[in-house]
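Just below is one structure, and these are the notes that go with it.
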Ligand SMILES: NC(=O)c1ccc[n+]([C@@H]2O[C@H](COP(=O)([O-])OP(=O)(O)OC[C@H]3O[C@@H](n4cnc5c(N)ncnc54)[C@H](OP(=O)(O)O)[C@@H]3O)[C@@H](O)[C@H]2O)c1
């Protein structure tokens, strides 16, 4: 039997790459969108579809070219929507409408855990709430995944936080909940393979919880090198320069959100990644040096 096709939007991103990897491992034929005609997707086994995932005409072409009836949809406030929640909503709506026009039988939408509970300053989550509502009323068969903070934030050179040997930095020292983007993909594959169980359902993706000291201990254990836990910037600057993210962290730090637990997620994905697992999986520091020495 030929494998089922799935289209991954923004397949070159942090989420898209690892979701594509998980789909390939689950036996799907994976098509991934990228604006580049020269991406590294073929090297991963992903069939590239040249497409700007924020543009309706491009999305229509991507569905026609791939023939996929399953799709993994993300939107992105910071880059693709240029910090404009209305634009992010329009981009997400274009993806849902294109999926409907293409006769998609299962759309997975990546939202954010507890998106509706953050205060009004957390602008980057406004569109997620509205898009969930739009999707629920669209008539497109769907499931929703609601991840918490990505482990990938611990090695994020684009946001001035490259992972370096002996130190791990984050915008909070407190207890936080984390997930691996790869586990978003593994959960999505489970949903696509069991539509009877997962259509119209939502799942929080939360793999592990701990404070930054515990994250540092995990990296130390994996690398064999002592690791310091440090704030990526003083809280005073976080409040001053990153108001949106500062208020997101206040929900985590003061209100102890998100409400979901690793225990609940592990009922669906029993081997969801811990911090140690993620450092082994990630494999290298930002400069390319291996975390686990051979
Ligand atoms: N960080 C977290 O902890 C966290 C937690 C939960 C949810 N999220 C959500 O994750 C999403 C971001 O996903 P991600 O981290 O995978 O994204 P990402 O890594 O920033 O995506 C990068 C890709 O976006 C494409 N891109 C960049 N600028 C673009 C533009 N102007 N127009 C169209 N495409 C553009 C590029 O692909 P090409 O050049 O190949 O086209 C690039 O490879 C957001 O919705 C965020 O809310 C994040």
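The values are calculated or read from the model by the stated rules, or taken from the named source; none is laboratory data. The shown structure was predicted, so the numbers you read here are calculated from the model rather than taken from an experiment. FYI the Cβ positions are ideal-geometry reconstructions off the backbone, even for glycines, and counts take in every protein chain you see.
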Report task. Please indicate, with yes or no, whether at least one residue in the range 126-139 is free of Cβ contacts under 8 Å to residues at least 24 places away in the same chain, closer than 15 Å to residue 248 by Cα, more than 14 Å from the ligand (Cβ to nearest atom) and not in a helix (DSSP H, G or I). Result -> no
Query raised in the report: Within the group 57, 88, which residue is out of contact with any strand residue (DSSP E or B) (no Cβ under 8 Å at 6 or more places or on another chain) and crowded, with 18+ Cβ neighbours inside 10 Å?
Result: 88
**Report entry** Contacts under 8 angstrom Cβ, first residue in the range 264-276 being more than 10 Å from residue 205 (Cβ to Cβ), partner surrounded by fewer than 19 Cβ atoms within 10 Å (Cβ to Cβ), 6 or more apart
**Finding:** 273/281; 275/210; 275/214; 276/221
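Being within 16 Å of the chain's Cα centre (by Cα) and either farther than 21 Å from residue 118 by Cβ or assigned to a helix (DSSP H, G or I) (or both) narrows it down to one residue among 145, 154, 192; which is it?
154
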Report task. Report whether or not residue 163 is modelled with pLDDT of 95 or more and either surrounded by fewer than 17 Cβ atoms within 10 Å (Cβ to Cβ) or within 14 Å of the ligand (Cβ to nearest atom) (or both). Result -> no
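Here is a yes/no grid of residues against (1) in contact with a strand residue (DSSP E or B) (Cβ under 6 Å, 6 or more places away or on another chain); (2) within 24 Å of residue 155 (Cα to Cα):
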site: 259; (1), (2): no, no
site: 268; (1), (2): no, no
site: 283; (1), (2): no, yes
site: 290; (1), (2): yes, yes
site: 294; (1), (2): no, yes
Query raised in the report: Which of the residues spanning the range 195-222 are part of a strand (DSSP E or B) and touching a helix residue (DSSP H, G or I) at 6+ places or on another chain (Cβ under 7 Å)?
Result: 203, 204, 205, 208, 209, 210
Report task. For the range 1-13, name all the residues that are outside any loop (DSSP other than H, G, I, E, B) and either within 13 Å of the ligand (Cβ to nearest atom) or crowded, with 24+ Cβ neighbours inside 10 Å (or both). Result -> 6, 7, 8
Query raised in the report: Out of all the residues in the range 29-45, is one or more touching a residue at least 40 places away in the same chain (Cβ under 8 Å) and within 11 Å of the ligand (Cβ to nearest atom)?
Result: no
Report summary line: The one condition residue 157 fails out of (1) crowded, with 18+ Cβ neighbours inside 10 Å; (2) more than 9 Å from the ligand (Cβ to nearest atom); (3) touching a residue at least 40 places away in the same chain (Cβ under 8 Å) is (1)
Report task. Search the range 223-273 for residues being assigned to a loop (DSSP other than H, G, I, E, B) and in contact with a helix residue (DSSP H, G or I) (Cβ under 7 Å, 6 or more places away or on another chain), and hand back the single one that is nearest to residue 177 (Cα to Cα). Result -> 257
Query raised in the report: Restricting attention to the range 188-239, which residues are over 30 Å from residue 131 (Cβ atoms) and free of Cβ contacts under 8 Å to residues at least 60 places away in the same chain?
Result: 211, 212, 213, 216, 217, 220, 221, 234, 235, 236, 237
Query raised in the report: Mind checking whether some residue in the range 105-121 is in a helix (DSSP H, G or I), within 13 Å of the ligand (Cβ to nearest atom) and crowded, with 23+ Cβ neighbours inside 10 Å?
Result: no
Query raised in the report: Quick one: which of 68, 62, 101 is touching a residue at least 40 places away in the same chain (Cβ under 8 Å) and out of contact with any strand residue (DSSP E or B) (no Cβ under 7 Å at 6 or more places or on another chain)?
Result: 101
